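Just below is one structure, and these are the notes that go with it.
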Amino acid sequence: MAKKQYNVGLIGYQFMGKAHSNAYRQVNRFFDLPAEIHMHTICGRNEANVSKAAANFGWTNYATDWRAVVENPEIDIIDVATPGNTHAEIAIAAAKAGKAVWCEKPIGNTLQEAKDMLDAVQANGVHHAVFHNYRKAPAVSLAKKMIEEGLLGEIHHFRGVYLQDWIADPNFPLVWRLQKEVAGSGTHGDIAAHIIDSARFLCGELSEVCGLLHTFVKQRPIAGEIDDKMGATASDKMGDVTVDDASMFLARFKSGALGVFEASRFAVGRKNKNSFEINGSRGSIVYNQERMNELEYYSNDDPKDLSGFRVIQATEASHPYAGNYWPVAHIIGYEHTFINLVADALVSLHEGKAASPNFVDGYENQRILDAVERSSETRSWIRL
Ligand SMILES: NC(=O)c1ccc[n+]([C@@H]2O[C@H](COP(=O)([O-])OP(=O)(O)OC[C@H]3O[C@@H](n4cnc5c(N)ncnc54)[C@H](O)[C@@H]3O)[C@@H](O)[C@H]2O)c1
């Protein structure tokens with residue numbers, strides 16, 4: 001019997017548009033799933049660019065108005081891969097139209113938007129998912145399994161950093177990621193959101209935070225044409241940077257564990273160091289997205305004279321997701337995290353179950369982002 005096909009309408013065709021398109025194209029080639037993705041329509045405002053993206057990425061149709069995609073009765077899933085200022089409007093319209101809504105992070109630009117989006121998907125009873133893709137790296141899912149099996153014992157510390165340096169040059173242009181009205185926040189919502197998701201996924205909910213947001217460069221050349229690698233041309237006119245360049249906070253987890261979080265786009269030499277270390281009573285683990293096939297593990301149960309961190313290649317067929325790809329140690333990359341996420345989301349949609357992560361995770365993530373912002377403004381601890 002032919003498998004049921006789910007028609008996707010993807011809004012946005014650049015960085016995440018490319019990553020999501022690749023995931024939709026590959027998912028049924030690597031995973032044996034009960035249902036299939038059909039790449040129905042990709043949408044963007046510039047017809048020349050979006051038609052080229054449709055041909056390059058393998059979409060059947062293209063559109064220039066997201067409303068037409070949301071209203072199209074043939075579409076089952078609306079994927080929101082646009083900047084944050086458009087997420088709430090598109091996602092809420094899609095939920096009202098009865099579509100499954102899969103959205104990039106952070107789901108909204110404000111806590112209120114995230115709440116409205118969660119309310120909309122719940123009120124309309126539609127499937128919802130959020131693209132916190134790093135959870136889906138085999139090594140990160142393996143870390144989760146090890147923690148659940150008790151290999152780390154009682155967790156004492158979560159130490160997460162997400163460090164980049166792509167705007168350290170003060171002449172780097174004022175792209176949308178540096179404008180509050182488009183992006184909501186800067187480094188905070190863009191990359192601290194990812195370490196918050198890792199923390200919640202692995203160590204549970206936070207109970208209070210104390211944070212600090214800072215902007216090093218307050219004016220930059222206004223951006224011209226943007227590309228799909230977070231770059232852009234610069235004009236000779238200057239404009240104001242209205243978001244943070246760095247975000248740091250301390251946290252307590254409900255479990256009693258302590259957390260330290262640091263995200264920056266000014267960590268010169270660090271290109272995409274999305275990394276965490278977790279220390280428990282029985283052992284520790286270390287993950288670094290720049291070496292994403294590996295998980296470092298220290299066991300307190302090892303004999304003292306042989307103890308030390310070992311490097312696990314998270315590529316065994318028995319490791320999460322890894323068996324869908326290559327023989328052991330024939331490594332995978334960044335794009336596979338999106339394929340893994342889409343595989344899980346598709347199965348949950350088909351089986352009528354909740355996706356993980358979903359808009360509840362998106363909303364909980366945004367509560368933390370919001371609390372850290374308020375903590376930075378008031379120079380005080382905020383209870384969640
Ligand atoms: N999960 C991750 O690892 C990850 C990485 C990067 C970005 N993101 C998130 O993905 C989202 C998009 O970021 P990006 O890097 O792809 O940005 P981008 O600038 O590369 O692409 C944005 C796309 O949205 C389109 N767009 C903007 N407004 C639109 C509108 N009104 N109607 C239709 N199309 C519109 C643009 O034309 C472009 O195609 C953001 O929420 C960002 O935080 C997530």
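What follows is calculated from the coordinates using simple rules that are stated; it is not laboratory data. All of these numbers come straight from a predicted model, not from anything done at the bench. FYI the Cβ positions are ideal-geometry reconstructions off the backbone, even for glycines, and counts take in every protein chain you see.
Just want to confirm a number: the relative contact order over the chain, from Cα pairs under 8 angstrom separated by 6+ residues, in percent. Present the calculation step by step, with values, prior to reporting the outcome.
Working: 885 pairs, mean separation 77.6, N = 384.
It comes to 20 percent, rounded to a whole number.
Could you point to the residue in 324, 340, 354 farthest towards the positive end of the range 275-384's charge dipole, with +1 and -1 charges on the Cβ of Lys/Arg and Asp/Glu respectively?
354
Mind checking which lysines have their C-alpha under 17 Å from residue 237, skipping anything on the same chain fewer than 8 residues away?
218
So for the pair residue 233, residue 15, with labels modelled 7 Å out along Cα→Cβ, what separation do we get in nm?
With each label point 7 Å from Cα toward Cβ, the separation is 2.0 nm.
On full extension of the chain, what length is gained from residue 112 through residue 215, given 0.36 nm per residue of separation minus the C-alpha to C-alpha distance?
Details: separation 103, 0.36 × 103 = 37.08 nm, distance 2.40 nm.
Taking 0.36 nm per residue and subtracting the Cα distance, the gain is 34.7 nm.
Which one, 2, 80, 309, projects farthest toward the positive side of the charge dipole computed for the chain from Cβ point charges (K/R +1, D/E -1)?
Going by the Cα projections, it comes out as 309.
Report the FRET efficiency, 1/(1 + (r/R0)^6), for residue 281 and residue 335, where r is their Cβ-Cβ distance and R0 is 35 Å, rounded to 0.05. Can you show the working numbers first?
On the way: r = 36 Å, r/R0 = 1.04.
Given R0 = 35 Å and the Cβ-Cβ separation, E is 0.45.
Taking 0.36 nm per residue of separation and subtracting the Cα-Cα distance, what length does fully extending residue 3 through residue 122 add? Walk me through the intermediate numbers first.
Numbers: separation 119, 0.36 × 119 = 42.84 nm, distance 2.73 nm.
Contour length minus Cα-Cα distance gives 40.1 nm.
In this model, which of 145/353; 18/353; 144/353; 105/180; 136/271; 3/96 are farther than 18 Å apart at the alpha-carbon?
145/353; 18/353; 144/353; 136/271; 3/96
In the chain, what % of DSSP beta bridges are antiparallel (nearest 5)?
Details: 43 of 73 bridges.
Taking every DSSP beta bridge with both residues in the chain, the antiparallel ones total about 60 percent.
Give me the extension gain from residue 378 to residue 317: residue separation times 0.36 nm, minus the current Cα-Cα distance, reported in nm with one decimal.
On the way: separation 61, 0.36 × 61 = 21.96 nm, distance 4.93 nm.
Extra length available between residue 378 and residue 317 comes to 17.0 nm.
Could you list 297, 62, 287 in order of exposure, starting from the residue whose Cβ has the fewest other Cβ atoms within 10 Å? Walk me through the intermediate numbers first.
Values: 297 18, 62 21, 287 24.
Lowest to highest Cβ neighbour count: 297, 62, 287.
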